[in-house]
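First up is the structure itself, then whatever we jot down about it.
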Amino acid sequence: MTVWTDFLAAQGATLEGETVATFGAPVDELLAARDGAVLADLSHYGLIGFAGEEAQTFLHALISNDLRNLSESAAVFAAYLSPKGRMLANFLVLKRGGDLLVLLPAALREAIQKRLSMYILRAKVKARDASAEWVRLGLSGPGSAAAVAALLGKAVPAGAMSMAHAETVFALRLGEQRFDLFVAPAAAPAAWAALAATHRPVGAPAWDWLLVNAGIPTVLPATQDHFVPQMANMEVLGGVSFNKGCYPGQEIVARSQYLGKVKRRLYLAHVDAEAKIGDELFSPDLADQSTGSVANVARAPGGGYDVLAVAHSSSVEAGVVHLGRRDGPRLAFRPLPYPV
């Protein structure tokens, strides 16, 4: 336990490790995430900090996006790949002062930090666990922009992926009414109290449901080294640059893009049965093999599960995809909130 998790427990949070499972009413929290304004602790996401005069060029050379013009005004989505072009992690890259910050699932933070640090050699850059330096919060729903503006003491960022900074807090706008907030630990309790006055506190599952329904994939330990970025719509989400120099896995990504070999894509679906990350999917049009797998999953308001599924486009177009086995529960596909 930390000072921050002790504070959350005092606010009614049920914790599993440092992850907030619920504030006591998980079903109502999901409904609030769907229909209202919610506040979530994001301690289940960690931060890697990179500092030093070569930090930006160092990280630029290792990931799928272009960091040459990265500034404090906007963040970028990116991925770190295996030599075979499959994602070992995907994340947000943000700039705060002289630091680059990488936001990714806490379950991957240590291993990815270690892998990236192996490339430092004589570069003028240092990598560290920056998770304790900023409390991570998520805000979503009506009134979120006004609440963030009040916390910052200035206008909120104007467009998606834009950022605004104040002395003890900075904000990243993820959507029209969805924000990631980073708050200095000493200022976090007061910030929480101010935000909780207008936004219902919810556990991590409610925030995860919001990400699933926004069509935002998250690589987790169970899905590391499974998907090339295009399978997860990363290039559609602005997480891949095709105009930068080489990086690990870049040749595979470019070949997939320019030779039209992306047969599988990320889709949003609902299923009235329990789904788990990594569950295989089956379709009659591919009788002898799996058509894909579940990349992310969240319990849905009203029952069942919403999933982000990587599947053969032909199977989805045929309209018949089953979970777990060839006669398993059928997925009901829904439109993503962005064009593919």
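Some points to look at:
- Using a simple spin-label model with pseudo-atoms 7 Å out from Cα toward Cβ, K244 and I277 lie 2.4 nm apart.
- Charge context of W207, other residues only, Cβ under 11 angstrom, K/R +1, D/E -1: -2
- Loop trypsin sites (Lys or Arg not before Pro), segment 25-94 (other Cβ atoms within 10 Å of the site Cβ: 16 or fewer; DSSP): R68, K84
- In whole angstrom, the chain maps to an equivalent ellipsoid with semi-axes of 31, 27, 17, each derived as √(5λ) from the alpha carbon gyration tensor and ordered largest first.
- Centroid-to-centroid separation of segment 99-149 and segment 52-74 [C-alpha atoms, Å]: 14 Å
- Within segment 46-129: Cβ-based charge dipole about Cα centre, in debye rounded to nearest 20 (Lys, Arg +1; Asp, Glu -1): 260 debye
- In the chain, a dipole from Cβ-located charges (positive for Lys and Arg, negative for Asp and Glu) runs towards its positive end, and of S283, V169, L116 it is L116 whose Cα lies farthest in that direction.
- Placing R0 at 56 angstrom, the Cβ-Cβ distance between S117 and R330 gives a FRET efficiency of 0.80 after rounding to 0.05.
- Point-charge dipole on Cβ atoms (K/R +1, D/E -1) for the chain, about Cα centre, debye to 20: 900 debye
- Its Cα gyration tensor gives segment 221-333 an equivalent ellipsoid, and the semi-axes of that ellipsoid, as √(5λ) in whole Å with the largest first, are 27, 16, 11.
- When you filter the trypsin sites (Lys or Arg not before Pro) in segment 239-304 for DSSP loop state and at most 15 other Cβ atoms inside 10 Å of their Cβ, you are left with K261, K263, K276.
- Chymotrypsin sites (Phe, Trp or Tyr not before Pro) within segment 210-277, DSSP loop, no more than 15 other Cβ atoms inside 10 Å: F242
- Computed over segment 173-224, the ratio Rg/Rh where both radii use C-alpha atoms and Rh is Kirkwood: 1.03
- Shape call, segment 46-129: gyration tensor on alpha carbons, a/c limit 1.5: rounded
- Simple point charges give the picture: +1 on the Cβ of Lys and Arg, -1 on the Cβ of Asp and Glu, and for segment 221-333 a dipole about the Cα centre of about 240 debye.
- Between segment 207-248 and segment 297-322, the alpha-carbon center distance in angstrom: 17 Å
Just so you know, all these numbers are worked out from the coordinates, no wet-lab data involved. Here the structure is a predicted model, which means the values were calculated and not measured. So basically every Cβ, Gly included, is an ideal-geometry build from the backbone, and we count neighbours across all protein chains shown.
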